[in-house]
Amino acid sequence: MPIKFDRPAVTDSAPDLFESLAALRDKAPILAKFEKAPLGVVLGSGLGGLADAIESPTIVPYAEIPGLAPSTASGHRGEFLIGHLASRPIIAMAGRLHVYEGHSLRDVTRPVAMMAGIGINELVVSCAAGGLNPQFKVGDLVLLSEHSSWLDGKLGAPPISFQQPNDLPNESNAASKCFRRSLNTCDPQLDAIAHQTAHANGFELRRGMYLAVNGPNYETRAECRMMRQLGADLVGMSTVPELLCANSARVRTLGISVVTNLALPDAPATADHADVLEVCERAADRLQQIVRAIATHGA
């Protein structure tokens with residue numbers, strides 16, 4: 001069911017979540033016709049091809065929603081796609097916002113908070129990542145068993161967080177959002193569906209700890225050594241704020257990374273964004289199989 005809430009006080013000039021949600025509902029009347037909780041999906045760099053599997057989607061660009069900015073990153077379309085997948089209502093973010101684009105963590109998490117307000121109960125978050133674990137190969141799919149964040153919250157307002165399962169956050173109370181217990185990144189049931197799908201379709205799923213950094217520059221070799229010593233298997237520039245926002249709304253989550261390059265201290269080549277997008281496109285079919293299986297299970 002959609003989250004119920006009282007109008008919070010807002011301390012800045014940005015439109016509050018009420019205005020954002022009202023605009024989305026106005027531009028996507030199909031939302032009022034959903035009889036089941038929608039599945040939420042975040043499509044990261046180069047993974048927008050999954051959007052083509054959504055049946056007769058209503059497309060709402062972020063730029064048309066008060067409080068949302070258009071995505072400027074290559075490979076990110078910057079729009080909501082709302083429709084059905086395997087008979088399950090679905091809301092997909094075709095592209096996300098990043099701290100390195102100049103957005104605050106509140107801006108970055110607002111689209112996910114909106115999906116929680118609409119009523120999603122499961123969220124699949126996909127992303128491209130550099131592989132720090134020497135056992136990983138380019139093109140591997142990795143479930144995020146753990147995460148850590150070096151994203152700089154001082155760059156703007158803190159991420160949106162829900163205080164109670166049925167509340168939207170009070171955006172004026174930054175302190176209330178600072179001390180929260182992080183829930184599982186990988187919901188056990190969604191994890192099981194993903195592994196069953198991989199086994200049935202003959203591809204491997206790995207697990208690993210994802211480290212989020214500001215970007216937009218890729219990692220130096222010295223940074224790769226330090227990150228690996230701290231236990232990170234993957235490094236990227238997103239994902240963690242979205243997972244935390246969804247977790248705080250008691251939305252069950254599954255994080256999946258595509259290893260698009262090897263971020264190893266002795267790797268002979270450096271990362272190139274065009275190569276990242278190409279690897280993601282090759283991995284899109286496997287990711288689509290997992291998302292479709294989750295949608296089917298909840299249909």
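Derivation of every value follows stated rules applied to the coordinates shown; laboratory data play no part. What you see is a predicted model; the values in this text were computed from it and never measured. A quick note on method: Cβ atoms are made from the backbone with ideal geometry, for glycine too, and the neighbour counts reach across all protein chains shown.
Students often check this: by mean Cβ neighbours within 10 Å, which of 99-110, 54-65 ranks highest, and how do the rest follow?
Values: 99-110: 21.8, 54-65: 16.7.
In descending order of packing, they fall as 99-110, 54-65.
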Listed with the fewest Cβ neighbours within 10 Å leading, LEU85, LEU50, LEU141 appear as LEU141, LEU50, LEU85
Given backbone amide H placed at 1.01 Å from N, residues whose amide H is under 5 Å from that of MET237, ignoring those fewer than 5 places away on the same chain, are VAL213
